[in-house]
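The next block holds one structure in the form of structure tokens; read it before the comments.
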Amino acid sequence: MPAFTPRDLPLQDLHIVLGVTGSISCYKAADLASKLRQAGAAVEVVMTPAAAQFISPLTFRSLTGRDVIVDMFQAAEAEAHVEVARRADAMVIAPATADCLASLAHGLAGDMVALTALATRAPILLAPAMDNHMWEHPATQENVLTLRERGVAFVGPMEGRLASGRTGAGRLAEVPQIIGALRQLLGQRTGDLRGRHIVVSAGGTHEPLDPVRFIGNRSSGRMGFAIAEAARDRGAFVTLVAGPVALETPWGIQRVDIQTVAEMLVALEQATADSDAIIMAAAPADFRPAHPADHKIKKAPDQSSLTIELAQNPDIIASLPGGGVRVGFAAETRNLADYARQKLPAKRLHFIVANDVSAPGSGFGTETNQVVIFHDDGRVEEFPLLSKYAVAHLILDRVRERLQPQS
Ligand code: PMT
């Protein structure tokens, strides 16, 4: 087994400063602090006095295990008011009020959040939350433009029901969206796949029998979605062609939904026209009903069986002319190595990721996967059971080695 350190946590070893300003949505910042920590980050919270009216600093201290600074004159550490800014690998302000955006746009340092934003050289992500009229006001929009031009990133605000009871743009983005935007921002700054276009397929296909029935399989899409997220986290522009799965679209990823192999083929032909790599984690059906019925197939009273003629589907990856680095998967229940080795040249792959889908914790629907990678030069690499996110990084490490130099 090759020596490697699994990359399980997307924010491992990063120091994230979370700025919290005064909005009713402050309660969501507590969940954000907790989820950032679960993602591997060290989280340090700074708050405005207005935010401390909505939620206690003690809540954040308990969730992060670190002191929370509200009053910049009360900081325990010498020069703490700027030291927090220097420690940051990234700063997230969530919620960011209209007042906060105005302070940042004008370089004010009247509270610990604005001061830290002014003093840091780390990338800044703002998650605004406010009344929709305040968000739409020309003063706020000008501040947003100024901040964007300076390279500050935004996530939201989202449309929806506001605390006032009105509906409009002003809701704080959801925690997974904020963390997705942060991961994308960090990837775009330092990731080793910056400027690359990675295409990933995920999930199974539904091949219609009639208007209400289909032939499908057990693919949940998790493996492909994990690869898409990991590629985004490394700075790539990602197109995710997804079969019918129940997963939310990760932030910052271009998703194309398809139902059938025929639709997946068209979507991938378009997506791979300019891609640096194509990673086929999807489980497209090898066969489809040859004559799908226009109306629901009815059961006759004395009918004991039904014969369905199946037609072979195109092999998508084999039909794609290029796409850059070509990676396939092999889902097997026996003779893993033999079948994987046969598919490698047949589908013109640089390498194939073989998984025994009958092994516990591996394959369809699981959070984990155990894979063996077969390369076109004969190398074979075996890995232990890992999270699908960690497997995704192993695949991307090998994709990166094969990429053509950037023009
Ligand atoms: O989605 P999850 O629940 O997370 O499960 C993950 C997974 C088990 C689906 C994934 O790890 C996996 O193994 N995907 C490939 C499934 C598959 O179709 O394997 P295969 O051995 O039948 O196909 C070999 C390769 O050809 C695959 O890359 C497949 O995407 C591709 N293929 C298959 C059929 C077809 N008509 N066109 C293709 O391009």
Checklist entry - Rounded, prolate or oblate: which fits the range 6-186, taking a ≥ b ≥ c as square roots of the Cα gyration tensor eigenvalues, rounded meaning a/c under 1.5, else prolate when a/b beats b/c? => result rounded
Checklist outcome for this item: Taking N as the residue count of the range 269-359, its alpha carbon Rg divided by 2.2 N^0.38 Å gives 1.46
Checklist entry - For the range 123-176 and the range 337-382, what is the separation of their C-alpha centers, rounded to whole Å? => result 44
Checklist entry - For the range 38-145, what's the radius of gyration and Dmax over Cα atoms, in angstrom? => result 14.0, 41
Checklist entry - For the chain, with every protein chain kept in place, what is the accessible area per residue (1.4 Å probe, Å²)? => result 47
Checklist entry - Per the 1.4 Å probe, what fraction of the accessible area of the range 6-186, in percent, lies on carbon and sulfur atoms? => result 52
Checklist entry - Taking a ≥ b ≥ c as the square roots of the eigenvalues of the Cα gyration tensor of the range 152-272, is the shape rounded (a/c under 1.5), prolate (a/b larger than b/c) or oblate? => result oblate
Item to check | Overall dimensions of the chain by Cα: Rg and Dmax, Å | outcome: 24.8, 87
Checklist entry - In a GNM of the chain with a 10 Å cut-off on Cα contacts, which of 150, 288, 326 has the highest mean-square fluctuation? => result 150
Checklist entry - Among 85, 290, 127, which one moves the most in a GNM of the chain with springs linking Cα atoms closer than 10 Å? => result 290
Checklist outcome for this item: Expected max-MSF residue from 218, 232, 37 in the GNM of the chain (alpha carbon, under 10 Å) is 218
Checklist outcome for this item: Contour minus Cα-Cα span, residue 150 to residue 358, at 0.36 nm per residue, comes to 69.7 nm
Item to check | residue 66-residue 137 FRET efficiency (beta carbon distance; Förster radius 41 Å; 0.05 resolution) | outcome: 0.70
Item to check | Extreme residue, positive dipole direction of the chain, given options 157, 20, 118 (C-beta unit charges) | outcome: 157
Item to check | Rounded FRET efficiency, nearest 0.05, which uses the C-beta distance separating residue 13 from residue 302 and R0 of 56 Å | outcome: 0.25
Checklist entry - Between residue 38 and residue 404, what is the FRET efficiency for a Förster distance of 41 Å, r being their Cβ-Cβ separation, to the nearest 0.05? => result 0.65
Next on the checklist: Is the C-alpha gyration tensor of the range 86-218 telling us rounded, prolate or oblate? Criteria: a/c under 1.5 is rounded; beyond that, a/b larger than b/c is prolate, otherwise oblate.
Outcome noted: oblate
Checklist entry - In the neighborhood of residue 110, defined by Cβ-to-Cβ distances under 13 Å, what is the net charge if each Lys or Arg adds +1 and each Asp or Glu adds -1? => result -3
Checklist outcome for this item: The answer for the per residue Cα convex hull volume of the range 329-407, in Å³, is 100
Next on the checklist: What lysines does residue 35 reach when the alpha-carbon gap must be under 24 Å and sequence neighbours fewer than 8 apart in one chain are set aside?
Outcome noted: 388
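The values are calculated or read from the model by the stated rules, or taken from the named source; none is laboratory data. All of these numbers come straight from a predicted model, not from anything done at the bench. Ideal geometry is used to build each Cβ from the backbone, glycine not excepted, and the neighbour counts take in all protein chains shown. Accessible surface is based on the protein model in full, side chains and every heavy atom, while ligands, DNA and RNA are left aside. Shrake-Rupley method; radii C 1.70, N 1.55, O 1.52, S 1.80 Å.
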